[in-house]
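Trainee: I have a structure here, written as structure tokens, and I will follow up with some questions on it.
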Amino acid sequence: MTHTTNQNQQSISVPTRQHPFPLDLAHTALLVIDMQNGFCHPDGFCGNELGADLSAAHAIIPRIQNSIDWARKHDLLIVYTRESHLPDMSDVSPSKELRYRNAGYPIGSPGKMGRFLIQGEPGTNLIDQMQPLDTELQIDKPAQSVFIGTDLVNILQQRNITHLLFTGVTTECCVLASYRQASDLGFYCLLLEDCCAAMSPVEHQATIDVLLGENGAIGWVTSSDNLILS
């Protein structure tokens, strides 16, 4: 691992599954994607109404917390996202409405923690273990990718962010959608595979396999330990 430090910048070569990731700490942000009650809390819609297995989502919580602690130590920008919609659901596209209804979890469905994916409902709040500092960003996004319907690209450009670290749920859905779009936007993207989870280990692994495809042409994947210990 190579460290290059000057007054304004620290560059680190992070080992990954394939090719080293050139991490520029002075221009890096950590994304914590959709660690909200609806997806991760036992009383949330996925756990209570759908009866989904949340064990993988629970397992990544301490590892994400460690990554957040590391990011705060290095003064990185941290961005927390919430998949959510306006109470009148006017920002739900017809395509998304149909897709989620077909999947068995219509947007706005009532549950123990309120209407599913609706802003202001307890289910849309971040889990208790992921409480941002006042200096950290929280972004509500109406799509699976964090770059659709938000101002995140402008925020990152204004702060000269070029490198993004990805954590959160679910690996194959909102994490992958955000990762792939960020890559196409020109960001250097690193997925922390042990800080991401899916409702199915098969779907999680399939996403990792996709990102490892074509010998690194798609992206970089590593563990949080490789990052923190670099």
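The values are calculated or read from the model by the stated rules, or taken from the named source; none is laboratory data. Worth saying up front: this structure is predicted, and the values here are computed from it rather than measured. Backbone-built Cβ (ideal geometry, glycine too); neighbour counts: all protein chains shown.
Trainee: In segment 188-207, how many are buried (at least 20 other Cβ atoms within 10 Å of the Cβ) and of a type in the set (Val, Ile, Thr)?
Mentor: 1
Trainee: Counting only residues that are in contact with an Asp or Glu (Cβ under 8 Å, 6 or more places away or on another chain) and farther than 23 Å from Ala56 by Cβ, which one in segment 153-187 is surrounded by the most Cβ atoms within 10 Å (Cβ to Cβ)?
Mentor: His163
Trainee: What number of residues within segment 134-149 are without any contact (Cβ under 8 Å) to a residue 12 or more places away in the chain and polar (S, T, N, Q)?
Mentor: Counting residues in segment 134-149 that are without any contact (Cβ under 8 Å) to a residue 12 or more places away in the chain and polar (S, T, N, Q) gives 1.
Trainee: Inside segment 18-49, can you point out the residues that are outside any helix (DSSP H, G or I), surrounded by 18 or more Cβ atoms within 10 Å (Cβ to Cβ) and without any contact (Cβ under 8 Å) to a residue 60 or more places away in the chain?
Mentor: Taking segment 18-49 and keeping what is outside any helix (DSSP H, G or I), we get 18-24, 28-36, 41-44.
Okay, now just the ones that are also surrounded by 18 or more Cβ atoms within 10 Å (Cβ to Cβ), so 21, 23, 28-36, 41, 44.
Selection gives nothing.
Trainee: Out of all the residues in segment 217-230, which are buried (at least 19 other Cβ atoms within 10 Å of the Cβ), assigned to a helix (DSSP H, G or I) and among the aliphatic types (A, V, I, L, M)?
Mentor: Scanning segment 217-230 gives a single hit, Leu227.
Trainee: Scanning segment 73-115 for residues that are without any contact (Cβ under 8 Å) to a residue 12 or more places away in the chain and on the phi > 0 side of the Ramachandran plot, which turns out surrounded by the most Cβ atoms within 10 Å (Cβ to Cβ)?
Mentor: Result: Gly114.
Trainee: Return the residues of segment 50-66 that are of a type in the set (S, T, N, Q) and either over 17 Å from Gln138 (Cα atoms) or without any contact (Cβ under 8 Å) to a residue 60 or more places away in the chain (or both); say none if nothing qualifies. Break it down into steps so the answer makes sense when it comes.
Mentor: Narrowing segment 50-66 to residues of a type in the set (S, T, N, Q): 55, 65-66.
Within segment 50-66, Ser55, Asn66 meet the criteria.
Trainee: Continuing with this model, one more query. Quick check on Gln119: is it at pLDDT 95 or above and under 17 Å from Asp140 (Cβ atoms)? Give the derivation first.
Mentor: Numbers: at pLDDT 95 or above: yes; under 17 Å from Asp140 (Cβ atoms): yes.
Yes.
Trainee: Next up: Look through Leu50, Leu23 and report the one residue that is closer than 23 Å to Ser145 by Cβ and more than 19 Å from the chain's Cα centre (by Cα). Let's see the steps before the verdict.
Mentor: Details: Leu23 fails: more than 19 Å from the chain's Cα centre (by Cα).
The match here is Leu50.
Trainee: Which condition number in (1) in contact with a His (Cβ under 8 Å, 6 or more places away or on another chain); (2) in contact (Cβ under 8 Å) with a residue 40 or more places away in the chain; (3) hydrophobic (A, V, I, L, M, F, W, C); (4) buried (at least 20 other Cβ atoms within 10 Å of the Cβ) is the one that Ile118 fails?
Mentor: (2)
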